[in-house]
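Chemist: Have a look at this one.
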Amino acid sequence: GSSLHVGHLLPVMAMRLLQRAGHVPIVLVGGATARIGDPSGKLTARPMMTVDEINANAESLKAQLSRFIRVDNGGAYFVNNADWLCKIGYIDMLREVGTIFSVNRMLAQESVRMRLENGLSFLEFNYSILQAYDFLTLHKELGCELQLGGQDQWGNMVAGTELVRRKCGDTVQAMTIPLLLDANG
């Protein structure tokens, strides 16, 4: 979407606290993964947006997030996964990471299992691989060691830790935060 919502509050505040403790947040806007749609927590596929809509939303989110995350003097990185995911070829992606992901393990993820009954497109099925590839890219390029996200992202985040371990031999971490679903938490 074009605006932050209450669901973003806890992860943004966690990033802000980590930044105050001396860490450098890497704020990821999903300009590429928004073209796919995350099946986590959804009963049906998200409506497809145009690339122009996605780009406008990414810029709007970046502006809003910079009010909470300090960016001066290298205080944070703001990145858009379209910068790397839209440049890699399909066959190149399959060759680089295809052997690492088990279809059986992906089918066991809660976000996938929930949607299998109602229908899950091949497009959405790939979301976890793309999020994992984001973690690998950010680890290689910016030294990212921790991925922070909502608890609905656990399976995707674990896929990222496994991809980094298998491709780089490094141990990275994932931390989830409970989802804030309504006024009662």
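Chemist: For Leu146, which sequence-distant residues (separation of 5 or more, or a different chain) have an amide H within less than 5 Å of its own amide H, given hydrogens modelled in the peptide plane?
Modeler: Gln173
Chemist: Using a Gaussian network model on the chain with a 10 Å cutoff between Cα atoms, which of Asn81, Asn104, Asn126 fluctuates the most?
Modeler: Asn104
Chemist: Can you check what the Kirkwood hydrodynamic radius comes to for the range 1-126, Cα pairs only, in Å to one decimal?
Modeler: With all distinct Cα pairs of the range 1-126 included, I get 16.6 Å.
Chemist: When only C-alpha pairs under 8 Å and at least 6 residues apart count, what is the relative contact order of the chain, in percent? Before the final figure, lay out each step's value.
Modeler: On the way: 223 pairs, mean separation 47.6, N = 185.
Relative contact order here is 26 percent.
Chemist: Between Leu123 and Arg165, what is the FRET efficiency for a Förster distance of 22 Å, r being their Cβ-Cβ separation, to the nearest 0.05?
Modeler: Numbers: r = 27 Å, r/R0 = 1.21.
The value I calculate is 0.25.
Chemist: Something else about it: From the C-alpha gyration tensor of the range 75-185, pull out the three semi-axes of the equivalent ellipsoid (sqrt of 5λ each), sorted largest to smallest, in whole Å.
Modeler: 22, 20, 14
Chemist: For the pair Glu145/Thr50, report the inter-label distance in nm, with labels modelled 7 Å from Cα in the Cβ direction.
Modeler: For Glu145 paired with Thr50, the spin-label model returns 4.5 nm.
No lab work stands behind these numbers, since they all come straight from the coordinates. Computed from a prediction, not measured in an experiment: that's the story for all the values here. For neighbour counting, all protein chains shown are included, and Cβ atoms are generated from backbone atoms with ideal geometry for every residue, glycine included.
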